[in-house]
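The values are calculated or read from the model by the stated rules, or taken from the named source; none is laboratory data. This is a predicted model, so every value here is computed, not measured. Cβ atoms come from the backbone with ideal geometry, glycine included; neighbour counts cover every protein chain shown.
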Amino acid sequence: MELNFTGEHTQKVDSKGRMSIPADFRRVLESGDPEWTPDRTPRMYLLYGDHLKNQLQGYSVAEFGKVVDQINALPRGSERKQILSRLIIGQSIKLDVDKDGRTVMPIKQRQKLGITDGELTFSGLGDHFEIWKADRYDSDVSSTLTAYLADKPEGYDPLILLDG
């Protein structure tokens, strides 16, 4: 069974950019890192592209590799390949997760979120996860979901969206 990033987790980031990756997410990163062994620490990719606005995205090495393979398969010189290469490949960094489950978020990415230290929300989305400044997550994501559900009938099951 393939592991997925799931759930919402609140974590702290300190003034040096150190943040703990949620334990469940670390298991996914380990399983998605072809070079990981129990005596090594996992690696991950952090996307910070301009298209992400108020969030960052985290990927396992394997999942990021799948995305890069799709981009590389596009016709050389095409506008789609150029844009995707710049936004995804060019605006991502590989990070190591230490033995205590922490990584360092570089200052550029912390500035993008508008945070020097404080609380972050990690939100699992299956094949990747999002990192938000905690209060921004509450205002942007939670309010969007509340608005979406507001006009749905009692007992609404969002799994219906999976049907055709």
Return the pair list, or none, for Cβ contacts closer than 7 Å from residues in segment 18-30 that are buried (at least 24 other Cβ atoms within 10 Å of the Cβ) to residues that are aromatic (Phe, Trp, Tyr) and modelled with pLDDT of 95 or more, at least 6 apart or on different chains.
25/5; 25/122; 25/129; 28/5
Does residue 103 satisfy the condition of being surrounded by fewer than 19 Cβ atoms within 10 Å (Cβ to Cβ) and of a type in the set (Ser, Thr, Tyr)?
no
Can you go through 109, 11 and tell me which one is surrounded by 15 or more Cβ atoms within 10 Å (Cβ to Cβ) and in a strand (DSSP E or B)?
11
Just to check your reading of the model, which residue among 53, 94 is at pLDDT 95 or above, surrounded by fewer than 12 Cβ atoms within 10 Å (Cβ to Cβ) and either aliphatic (A, V, I, L, M) or closer than 21 Å to residue 122 by Cα (or both)?
94
Which count do you get for residues in segment 31-50 that are under 14 Å from residue 102 (Cα atoms), over 14 Å from the mean Cα position of the chain (by Cα) and surrounded by 15 or more Cβ atoms within 10 Å (Cβ to Cβ)?
2
Any hit, segment 69-91, residues being surrounded by 19 or more Cβ atoms within 10 Å (Cβ to Cβ), outside any strand (DSSP E or B) and of a type in the set (D, E, K, R):
no
Might you let me know whether segment 115-127 holds any residue that is in contact with a helix residue (DSSP H, G or I) (Cβ under 9 Å, 6 or more places away or on another chain), buried (at least 19 other Cβ atoms within 10 Å of the Cβ) and acidic (Asp, Glu)?
no
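Provide a single number: the residues in segment 14-68 that are assigned to a helix (DSSP H, G or I), of a type in the set (D, E, K, R) and out of contact with any Phe, Trp or Tyr (no Cβ under 7 Å at 6 or more places or on another chain).
Just the residues of segment 14-68 that are assigned to a helix (DSSP H, G or I), to begin with: 23-31, 50-52, 61-68.
Keeping just the survivors that are of a type in the set (D, E, K, R) gives 24, 26-27, 30, 50, 63, 66.
From what is left, the residues that are out of contact with any Phe, Trp or Tyr (no Cβ under 7 Å at 6 or more places or on another chain) are 24, 26-27, 50, 63, 66.
Looking only at that region, the number is 6.
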Taking residue 99 as the residue in question, decide whether it is more than 19 Å from residue 121 (Cα to Cα), in contact (Cβ under 8 Å) with a residue 24 or more places away in the chain and part of a strand (DSSP E or B).
no
